[in-house]
Amino acid sequence: MPRPATPPMVLRAWSAVALAAVLAATGCVLPPESTDPEGIPVGALLPFTGDIAAAGTNIERAVRLALEEVNTAGGVGGEALRLISRDTHSDLRRGLDAARGLLGERGLTVLLGPEDEDLAAYLIPQVQAQAVLEISGGVLSPTFRDAQDGGFFFRTCPSASLYGRALSERMEQDGVTSAAVLYVNSELGLGFAAVLSSELSLRGIGLSAFASFDPQQTTYTKLIQEVLATNPEGLVLVAYPGAGAAIVQEWAVLGGRGRWYLAPSLKTDSFVVNVPPGALEGAVGVAPTLAGDADDFDVKFGERWGGDFPLDAAYFYYDAAALSALALARAAYQGGGAPDGAALPGALQEVSSPPGELVAWYDLSNALEMLRRGQDIDYRGVTGSLNFDEQGDVLADEVKFWIVREDHILEEGTP
């Protein structure tokens, strides 16, 4: 298979006017809101159906948990925050339809999400034009560092540059000398694959196959047969759960061998339970690290949501929601009135960085009171320190690994 050069920046350079025209031309029926019509709106653009829907409800619960904490503490300037969620359906076109509804909400200055890189890329010109602060907890592609977003796009999760480097280092430690990289043909896959191409080559690991795939394909037989012919020792899979499971199924059926190395997007039971038993035994995945008190968040989350357990993405969206609330409060108290969208990027940087007084994710009430008094704060989240660089990327340098053992996902080191 031909190995492509490092992909160029693939963010679509749509003008705000052109994007607005596309959004306005759509006419889908949007899901009903489930919150009160009063208060400061906070939008959430999440996948509740489709290929990447496994985490959608779990993410929304984390967002709700953060906003409930803020509202219990008196809200922002005495006003409650109200969540308006829309379903992207894990589809670009339908996601744009959903975005139309959110971005048309009166007074909306904060958008949480989306999870999908392609949708996030299309939305950047619009959120910049409307002065809407956008914070994603799941967009990984390193191409977003080059996005012309006017400072309005942030992400609480590390980029694929960190994960790709870590996976490559792990494969080198495992003695892998040849690898096949299979990646979804999207912003996520292209960006991740570019990092892997560079990092694997630096470590002398030969690329026996380097192939993209369409997540909507009905079969991957031809792709699998071509990769099988290269006899790789390791296989890196960058995919969403649905397509990822289909590829592993066909690989197993066709007699494929080799150890799987998996992107963070595949750390979900919906992926593992949909492959043949044993097909992923010994697979290694990469994931973000969390703060030392993340277990306390797990307890809080479970108590609020009937024993549900937060997925990795939930931690990042709790922090995204908490930061958005603190940025709204900072802007409101500094401006002496309703939060101004144009002031939010600067306010977010101020509430998440030194030299402010450190406040933890579980102490939002105190953080809001400090902001009301004009004090500087430095928010420390469930995912750890959340200092951002000028491109809106969180400064992170650590990962952890997970493995698949007897068809279950376990943190590496689990007995």
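The values are calculated or read from the model by the stated rules, or taken from the named source; none is laboratory data. Keep in mind that what you see is a predicted model, and the values were worked out from it rather than measured. Cβ placement follows ideal geometry from the backbone for every residue including glycine, while neighbour counts extend to all protein chains displayed. What goes into the accessible areas is simple: the full protein's heavy atoms, side chains included, and nothing from ligands, DNA or RNA. Shrake-Rupley method; radii C 1.70, N 1.55, O 1.52, S 1.80 Å.
Quick look at the values:
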item	result
Hits in segment 333-350 (condition: more than 21 Å from the chain's Cα centre (by Cα), farther than 19 Å from Ala129 by Cα and modelled with pLDDT of 95 or more)	Glu350
Tally, over segment 303-356, of residues that are among the aliphatic types (A, V, I, L, M) and either without any contact (Cβ under 8 Å) to a residue 40 or more places away in the chain or open to solvent by 50 Å² or more (accessible area, probe 1.4 Å) (or both)	7
Test for Pro31: is it in contact with a Lys or Arg (Cβ under 9 Å, 6 or more places away or on another chain) and at pLDDT below 95	yes
Ala245, sole failed condition from (1) in contact with a Pro (Cβ under 9 Å, 6 or more places away or on another chain); (2) under 19 Å from Gly189 (Cβ atoms); (3) among the small types (Gly, Ala, Ser); (4) part of a helix (DSSP H, G or I)	(1)
Check on Ser186, among the polar types (S, T, N, Q) and out of contact with any Phe, Trp or Tyr (no Cβ under 9 Å at 6 or more places or on another chain)	no
Selection within segment 185-222 - basic (Lys, Arg) and in contact with a helix residue (DSSP H, G or I) (Cβ under 7 Å, 6 or more places away or on another chain)	Arg203
All positions within segment 103-119 that are crowded, with 24+ Cβ neighbours inside 10 Å, more than 16 Å from the chain's Cα centre (by Cα) and either free of Cβ contacts under 8 Å to residues at least 60 places away in the same chain or assigned to a loop (DSSP other than H, G, I, E, B) (or both)	Thr109
